[in-house]
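FYI, it's all coordinate maths here, none of it is from the lab. Predicted model, so just to flag it, every value in this text is computed and none were measured. Positions of Cβ are generated from backbone atoms using ideal geometry, with glycine treated the same way; all protein chains shown enter the neighbour counts.
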Amino acid sequence: MSSGRKFIVVLGSIMSGLGKGILTASIGRLLKTRGYKVTPIKFDGYMNVDCGTMNPFRHGEVFVLDDGGEVDMDFGTYERFLNISLPSRSSITGGKMSRLILEKERRGDYLGRDVQVVPHLTNEIKSWIKAVGEETKSDIVLIEVGGTVGDLENGYFVEAMHQLSKEENVLFIQLTYVPSLSPGEQKTKPTQHANRLIQSLGIKPNIIICREQEPLQKESKEKIALFCDVPIENVLDDPLVETVYQLPEVLEKQKLYEAIARHFKLRQTKVHEGNWNRMVNRIVSKDKKRVTIGIVGKYTAVKDAYVSVREAILHAAAANNVHADIAFVESTDIEKEGTKILESLDGIIVPGGFGKRGIEGKILSIRHARKNGIPYLGLCLGMQLMVAEYARDVCGMEGANSEEFDSGTAYPVIAILPEQLNIIEKGATMRLGAYPCLLKEKTKAWECYGRRAEISERHRHRYEVNPKFTEALENGGLIFSGRSPRNNIVEMSEWKEGFGIGTQAHPELKSRLEAPAPLFVGFIKAAIDRKKKMRGNGKKKEEKK
Ligand code: GLN
């Protein structure tokens, strides 16, 4: 029997990389602003249980949820667009499904039966999806099917979606690509073939959304409508936008909500996204004060490795009504060429990371920021290295380091967390998810968070500031502005002078356009102030001449 809940399934066709995640999030936004409770679910075909064990270089950033789930970076897009926190169960992977089935089989749950893709695996998928809808009390569940239709990896999942449509009220959206052979020569045939492939699997897309190289022509729409058997109003254009946050409005204007509402028989309502649009305009408007923020990292050639950091900078810049240019700096370049490349920056961030490569370049960058009064924000590893730099340069602890990079150092100022000592397995074993933090009054971190006594941010790490050294570091002048209420772990550190804050957490993961991360907002403000001051100093020097 149908639950009465509604399900929207987004399928990718022809090729990957068309922006299914952003589309799914945008659809969610159109529904959420109309008062519906929506929850997105994503299926990824890989056989890893989660992406915690994947290299960001290959797979993009690992996103962490409040409950500690390590998930695909699309979840960051969902949360940023919908301004909600999702549970780990929103992420279904090939690995999770296999583990579930095999555990059940060993337990004897299928005793006497041969366990098959259909119906056992497909039934598990359907139950999972229905249960998430129920647990989150959602009106509408959005399901993004990772990969492309026709892939071997997601075939059983697509079949489960076909079966779901026999049991529940489901709307299918085909995301496709309409290439142009030359300007004006738009080709719809790949879409037609892809649509037939989907139909051969028992699924008839209700809405077709087209990425393209040039605006979707009327004739292209007509052809797609005719050959794919959808009303022409249900063929929509998904153009390249300046910022992804514009997509909900682009789809709104083409009446996507109306098409969905017709299918599900929902109320036809209009909404005005005042606050959201204001923030989007701030991101795209050109005549703005600018600041340049450097991210000193290791995977800087792969922009996807630091998506949430980049987005948090954009949110905070919009909140401060400035434009932020982001410069990705490879930390090994600093080791080879020195800190000259950092001179044009108004603010420096060292983001999270693992492994020894590039560590010394990051430490040099932090020192450059501290000595030159450049605002600094250290995220997880960036905080640990901030402590090591301070220990070496100010507290006289020569060679101070994290045990992760130098197990023989005389000053292991960053040490393995006690609960991590005996862990051998790699998957989902770090200190993960949301933890509370008590802020010390009158510190910069406390000011950034609006003078709140307790905050909560998400974590993903194995090491911590070594409690054996905290007193010496504090005596040397380093301020520990945040501590864990449970075991006193140092959660935040800061410099006395200028703006320099390190956090053991990843505040970028909770930054949203509508709720920018407080530390980023404070950091960008400090970058603006410094730029102004430097200008002022420059002018004074000119006048003296
Ligand atoms: N490698 C460090 C640790 O495990 C930092 C992790 C991070 O930056 N996310 O503690």
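Treating the beta-carbon of each Lys and Arg as +1 and of each Asp and Glu as -1, no other charges, what is the dipole magnitude of region 121-210 about its Cα centre, to the nearest 20 debye?
400
On a full-extension model of 0.36 nm per residue, what is the gain between residue 410 and residue 456, subtracting their alpha-carbon distance, rounded to one decimal in nm?
13.2 nm
The chain: longest stretch without exposed GluC sites (Glu not before Pro) (DSSP loop, at most 16 other Cβ within 10 Å), sites themselves excluded?
Longest stretch, sites excluded: 1-152.
Calculate, in nm to one decimal, what residue 442 and residue 135 gain on full extension: separation in residues at 0.36 nm each, minus their alpha carbon distance.
Taking 0.36 nm per residue and subtracting the Cα distance, the gain is 106.4 nm.
If you average the C-alpha positions of region 495-512 and of region 66-129 separately, how far apart do those two centres end up, in angstrom?
Region 495-512 and region 66-129 have Cα centres spaced 34 Å from each other.
Got a sec? Charge dipole of the chain, +1 on Cβ for Lys and Arg, -1 for Asp and Glu; which of 405, 456, 129 is way out at the positive end?
The Cα lying farthest towards the positive end belongs to 456.
Would you give the gap between the C-alpha center of region 286-342 and the C-alpha center of region 468-488, rounded to a whole Å?
29
Rounded to the nearest 0.05, what FRET efficiency do residue 110 and residue 218 give with R0 = 45 Å and r taken as the Cβ-Cβ distance? Could you check?
After rounding, the FRET efficiency stands at 0.25.
Roughly how large, in nm² to one decimal, is the mean projection of the convex hull of the alpha-carbon atoms in the chain?
29.5
Quick one: putting +1 on the C-beta of Lys and Arg, -1 on the C-beta of Asp and Glu, what dipole do you get for region 215-301 around its Cα centre, in Debye to the nearest 20?
So the magnitude is around 500 debye.
At 7 Å along Cα-to-Cβ for each site, give me the label-to-label distance between residue 226 and residue 187 in nm.
Inter-label distance under the simple model: 1.9 nm.
Which parts of region 385-405 would a label at residue 534 reach, counting a residue when its backbone N lies under 17 Å from a point 7 Å out along Cα-to-Cβ?
From region 385-405, the list is empty.
Search the structure for amide H atoms under 5 Å from the amide H of residue 8, placed 1.01 Å from N in the peptide plane, and list their residues when 5 or more places away or on another chain.
Those lying under 5 Å, H to H, from residue 8 are 141, 142, 143, 171.
Given Cα pairs under 8 Å that are at least 6 residues apart, what percent is the relative contact order of the chain?
Result for the chain is 15 percent.
Quick check: residue separation of residue 327 and residue 468 times 0.36 nm, minus the Cα distance between them. What number comes out in nm?
47.1 nm
Positive end of the dipole of the chain, charges at C-beta (+1 Lys, Arg; -1 Asp, Glu), about the Cα centre: which of 523, 102, 217 has its Cα farthest in that direction?
523
Starting from the coordinates of the alpha-carbon atoms of region 181-302, obtain the Kirkwood hydrodynamic radius over all distinct pairs and give the value in Å to one decimal.
17.5
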